[in-house]
Every structure is written in C-alpha cells, then in structure tokens.
Amino acid sequence: MPTIIDVAAVAGVSTATVSRVLSQPDRVAESTRLRVLEVVQSLGYAPNVAARTLRTLRAAKILLTVPDISNPFFASIIRGAEEAARDAGYAVVVGDTRHDPQVEDQYAEMLSRREVDGLIFLGHRLPDNLSALLTRPGIAAPVVNGCEYSPDLGVPSVHIDNAAASGDAVEHLIELGHRDIGIITGPLISPISSDRLSGAMEAAERHGLKDRLQIRNGDYSAKLAFELAGNLLEQNVTAIFCFSDEMAMGAISAIGAAGLTCPGHISVVGFDDLPTARFFQPALTTIAQPKGLIGQRTVELLVEILRDPESPIRQITLPHELIVRDSTKAVSP
C-alpha cells in the first residue's frame, strides 16, 4: 500500500503538505493541492485512519447497539441516529446484540479500546464492563440509552412516557365500551414493559376494571402473541392491547383463525406505529413513538457529552401519540 511518504515524493512536496491537502485543503495553494490530489488518486493512497485516531484521540465513530436488528422498530431509530451523526461529523457503527449479555459486553469493549467515541444502546441492560466509566455521580459518561429508560442505569436517556402511553391505549378501549380487556406484555425484565403494564393497570383501576384485566406475558413476537391471543379469546375478552405492533398483528391473525373478525368481534391496539401498521388489514390502532427523533436526540445528547465531559446526566422525554385506525370499534349493544 502506498504511504504518505510515497505521495510526497512523487508530488515533490513535504509529508506535512500532503497532510494539509487531505485535512485542511483551504490552507494549501490550488496548484499544489491539485498536484497532490492527482498523485493521491494515481497511487491509490488512503489515509491511515487508525494512526490519525491515535494522534487525535478521536475515532469520529459512534457505536449504536440494538437488541434485535431484524425488528423494524429499530430501523427508523438507526436512520435518525445516522442522519444526526453525519451532521455532527461522526459515523455510526451498528451492533446487533441479539439479547445476549456476552455480545453486549463484546461491543462495549470497542468503547473501552477507544475504537469508538461513544455508545448508544437501545436495550435495557448496561454492559458490565462499562461500570468503570460511571464513577462520577451526576456527570455523564459517553454512554446514552434510547427507549429503555430506567433511573437505575445512571446514564442519560431519550424515551417516551411508556406508562402514560399505555394508559392512553387502555382509556381508548374503555371509552369504546370495552370492559373485558386482554393485555399481552413484552418481557417484564424490560423496564418499558413494566412501565406499560403499570400504566395499563392504573387506567383500568380508575374505571374499576383492574380485576377484569386478563394479562399474558409475551416476548414482542407475533408467534407467541398468536398463541396468547388464542388463550385470551377463550376468556371472552372483547379487546386486546399488545405492547408491540408485531404482537398486535399476531393477535389479529389468531382472531381470524378462531373464525372471528377484528374489530367486528375483538378490537386490537398495538404499540410503536411500525411503517406497516397503516397498511395492515385492518389498519392498526396503535401508540406512535417518534422513532426517528429518538435516534436523532440520542446522538445529539451523546455529542453534547463528547464536547463537554462535565455534562450532567439528562433524561429527555419525547411525546407519544395514540393513532386510531380500523382495528378498534365501539362494543356492539
């Protein structure tokens, strides 16, 4: 591979001039700049990014880890993060942890080795090997959480109010006259699932319906939701609230498999407002999260920390929205 010394020799300039052409072209005369760039192209020279990182102590990369990259919910967050990172002069490295703590720790080592400048994680678990970074109470380390807010993590976060959002979903069903409501949660080890369940139960309790809720614990997958919805139908529920759109689609499939219709017999509410939610049949009533904005704000928060190491830990709560479509209707008299 050609080196900067080779480029300098062929172009008849110093290595410092080559470096300035590549990093600060405005400081080099146009004739010299064009000559150096012509040699760079002809030799196929590429700057040594690793060496530059060692000199500047800046990788210009942000690591973003997701628990399941096949879940379309995360795609919109990643896109929002990449756009914000590009504007700030950073590239985004995406890691799929597959809900595996060992994989999470392996990715986190990239931050410890300074291969990346900061970490955004979209799961609920802070990798164990990052605990040494969180040694200054109230001061943020270059680690930000998206979606899975928990005060126990001790890191900045960008999220919605999941309890309030879930309460809105249940209130919508109650306003439509539903009294026997089934709920399919996500894994309760996740703070957002716990918050959503709390919000749903509080809303039901306000109407004296808490004891009539039928709760089943899911895993955000359509497959398990299909099975759990079949069980809920046996309990004569008139509505099902699922903690993800994917599970809501599984529940609607179970309703059809039982010879019933949605919303004719059973109303269904989802959560997330995936791109496919409006095109599903029936179009899905759901809680919309500002997915792209979550990605954008997590990057902006991380960049603030990278620019000011004394930044305080901040929690940012973004608005949610109940979107009413065709999968819910009033109870027939």
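Key figures for this structure:
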{"quantity": "Looking only at segment 203-254, and only at residues there that are in contact (Cβ under 8 Å) with a residue 40 or more places away in the chain and among the β-branched types (V, I, T), the one that is nearest to A163 (Cα to Cα)", "calculated": "I240"}
{"quantity": "Filter result for V299 (modelled with pLDDT of 95 or more, in contact with a helix residue (DSSP H, G or I) (Cβ under 9 Å, 6 or more places away or on another chain) and not in a helix (DSSP H, G or I))", "calculated": "no"}
{"quantity": "Residues (surrounded by 22 or more Cβ atoms within 10 Å (Cβ to Cβ) and within 25 Å of S190 (Cα to Cα)) located in segment 75-106", "calculated": "I77, A81, T97, E104"}
{"quantity": "Candidate set from segment 135-177 (those that are open to solvent by 30 Å² or more (accessible area, probe 1.4 Å), part of a loop (DSSP other than H, G, I, E, B) and not small (G, A, S)); member that is nearest to P67 (Cα to Cα)", "calculated": "Y149"}
{"quantity": "Positions within segment 89-134 being of a type in the set (S, T, Y) and in a helix (DSSP H, G or I), in sequence order", "calculated": "Y107, S112, S131"}
{"quantity": "Set I266, I287: member being more than 23 Å from S190 (Cβ to Cβ) and either open to solvent by less than 60 Å² (accessible area, probe 1.4 Å) or within 17 Å of the chain's Cα centre (by Cα) (or both)", "calculated": "I266"}
{"quantity": "Any hit, segment 41-48, residues being farther than 30 Å from D96 by Cα, assigned to a helix (DSSP H, G or I), open to solvent by 50 Å² or more (accessible area, probe 1.4 Å) and modelled with pLDDT under 80", "calculated": "no"}
{"quantity": "Qualifying residue in segment 301-311 (condition: under 19 Å from L64 (Cα atoms), open to solvent by 20 Å² or more (accessible area, probe 1.4 Å), in contact (Cβ under 8 Å) with a residue 60 or more places away in the chain and not β-branched (V, I, T))", "calculated": "yes"}
{"quantity": "Tally of residues being polar (S, T, N, Q), surrounded by 15 or more Cβ atoms within 10 Å (Cβ to Cβ) and without any contact (Cβ under 8 Å) to a residue 60 or more places away in the chain across segment 58-74", "calculated": "1"}
{"quantity": "Any pair with Cβ under 6 angstrom, 6 or more apart, that starts in segment 145-167 at a residue that is at positive phi and ends at one that is in a loop (DSSP other than H, G, I, E, B) and of a type in the set (A, V, I, L, M)", "calculated": "C147/L122; G154/L134"}
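The values are calculated or read from the model by the stated rules, or taken from the named source; none is laboratory data. Since we're looking at a predicted model, the values are computed, not measured. Counting neighbours? That spans all protein chains shown, and the Cβs are built from the backbone with ideal geometry, glycine included. Heavy atoms of the whole protein, side chains included, go into the accessibility calculation; ligands, DNA and RNA do not. Shrake-Rupley method; radii C 1.70, N 1.55, O 1.52, S 1.80 Å.
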